[in-house]
1. Any idea how far apart B:ASP214 and A:GLU239 come out in nm if each label point goes 7 Å out from Cα toward Cβ?
2. FRET efficiency for A:GLN291 and B:SER109, Cβ-Cβ distance as r, R0 = 56 Å, nearest 0.05?
3. In bins 5 Å wide, starting from 0, what share of all Cα pairs of segment B:6-162 does each bin hold, as a percent?
4. What FRET efficiency comes out for A:THR192 versus A:ARG260 if R0 is 22 angstrom and r is the Cβ-Cβ distance? Round to the nearest 0.05.
5. If I build a Gaussian network model for chain B, linking alpha-carbon pairs within less than 10 angstrom, which residue out of B:VAL183, B:VAL88, B:VAL60 has the largest mean-square fluctuation?
6. Report, in debye and to the nearest 20, how large the dipole of the protein assembly as shown comes out about its Cα centre when Lys and Arg carry +1 and Asp and Glu carry -1 on their Cβ.
7. Give the peptides A:80-86, A:232-238 in descending order of average Cβ contacts within 10 Å, highest first.
8. Just from the alpha-carbon atoms, what are the Rg and Dmax of segment A:197-291 in angstroms?
Amino acid sequence: MTGGPLVLGIETSCDETGVGIVRGQILLADAVASSVEEHARFGGVVPEVASRAHLEAMVPTIERACREAGIRLDDLDAIAVTAGPGLAGALLVGVAAAKSLAVALGKPLYGVNHLAAHVAVDIVEHGLLAEPTIALLVSGGHSSLLLVPDVTHDVRSLGSTIDDAAGEAFDKVARVLGLPFPGGPHVDRVATEGNSAFVAFPRGLTSGKDMARHRYDFSFSGLKTSVARWVEARERAGEPVPVADVAASFQEAVVDVLTRKAVLACQEQGVDHLLIGGGVAANTRLRAMAQQRCDAVGIRLRMPRPGLCTDNGAMVAALGAQMVSRGRSASALDLPADSSMPVTLVQA
Amino acid sequence: MLLLAIDTATSAITVALHDGERVLAECTTLDARGHGEYVAPGIAEVLSKAGRAAADVSAVVVGTGPGPYTGLRIGLVTARTFAFARGVPVFGVCSLDAMAHQAWLEDVSGALGQSCVVATDARRKEVYWALYEISGRGVRRRGEPMVAKAAMIADEVRGLPVIGRGAVLYAESLGPRIGPLDVSAGALADLAARMLAAGQTLPEPEPLYLRRPDATPPPPRRPALP
Ligand SMILES: [Zn+2]
């Protein structure tokens, strides 16, 4: 065995059917089938549509990953799968497929936490994690600030969103601005042409009182409403809406709070490594501002390339490979899918 | 031949092994919500009971429903993935057919008569159902399975024996009850083995959802201003 355990990871917590294959710290395959286009006309992910798509995509995606990696399933050392959190019906498809592989091949099964997997994926890009590290995970489903002493075993929550996830705010604001779903990439694109100081949108949970109670928490619901009100006031006055400027100003408000709190957490926790992951970590402004702010105070910043930030099977395989390498025992074959799996539970 | 049979279309999470002649082992758990937990352990259990290895399985057959979607999909994805991993074929059989077949196998007194109904729980106060004709050689479904309120089909099926949980849930509209309440993978395997032996082509392992996903495009944006 060269380079560590060969692990296949399955991810189906939302609308991407992901199958990744990792050997130790090396990514061999990352096959993803997305049902995002089927959800676009509904303006958000429809769970039943996603679950049906997972069933149809599962075997073809496993097949594609094996071909990409140039391996046979019998070569695997273990199977890993997202056990939660996520959409219950969608998770169940991936968990059932992973269990079936484990039984059919006689291989150990690791049911893992989706959020820990978002952290672990950077191992295949930038090598083993510094321990501890602070992780900022931002996507359509989650916005969390974590302290990670050991990604296979010990993940602690410092804060999270108290209402909408950051990615959700991007989707909703995109809708207000007449941009397509999913909103993140479209807001990012039009914002490059806009003035980010055009409107001073509110920075949620950053006032003195909020910093006492919600030091590392986020809130994006008020920001979203504030953007909607601003746009409507313009429309009612019969004035054109400067879409690029509003998008840039909104994005600036989100990114400002995310990076400010992440850097603060590093400083206060005495941790000089920050990792950013999740779908929103593909945002170009977030990447630029995080780099700038980390450089200013001497924090080492790690960000997987955008393709590995969104949900995929490689992240699950990467975490599974670490669990095998560190000798963690396998999960039971009757492990449940847990739609509200706490971030502190790394393995099911 | 070693046939692995799986069904998760009813409250039974059921797995069986069949050697072409008889059922070697069967494992059934009754739990309307636990499909995700019990299918894979069930496969491990029947293999161990029969003293066989996963690599000995030569084909997989799965109940294609109709049934509540979340549970149904677990059987289908398990069967398809297992078959792919072992490089063996995977077939589908309508789960209602497996229930009618079981009732026929067990019907020593001829109580089934010449026709019967299978009606299972479709939730939302509805049943998945189909009509069957009985003969000495077995059961034959008349038409495609459907989903309807029990009261809506009461006239059409009046007086016919009813197989499945629908007969218990909607006794005021349907009945008399006869045969199994849920699917047995042993019966599913037996039906599939007979079809294969007779040279019949078995259906693809495609789910019979019968309903579209509940989803409507969102209404036009509501004003945030009062
Ligand atoms: Zn995610």
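The values are calculated or read from the model by the stated rules, or taken from the named source; none is laboratory data. As the structure is a computational prediction, the values presented were derived from the model and not from experiment. So basically every Cβ, Gly included, is an ideal-geometry build from the backbone, and we count neighbours across all protein chains shown. SASA here: full protein model, heavy atoms, side chains in, ligands and nucleic acids out. Shrake-Rupley method; radii C 1.70, N 1.55, O 1.52, S 1.80 Å.
1. Roughly 4.4 nm, to one decimal.
2. Approximately 0.10, to the nearest 0.05.
3. P(r) over segment B:6-162, rounded to whole percents: 2, 9, 17, 19, 19, 16, 10, 6, 2, 1.
4. Efficiency, from the Cβ-Cβ distance: 0.50.
5. Comparing B:VAL183, B:VAL88, B:VAL60 in a Gaussian network model of chain B, the most mobile one is B:VAL88.
6. Using Cβ point charges on Lys, Arg, Asp and Glu, the protein assembly as shown gives about 680 debye.
7. A:80-86, A:232-238
8. Looking at segment A:197-291, its Cα Rg and Dmax stand at 15.2, 52 Å.
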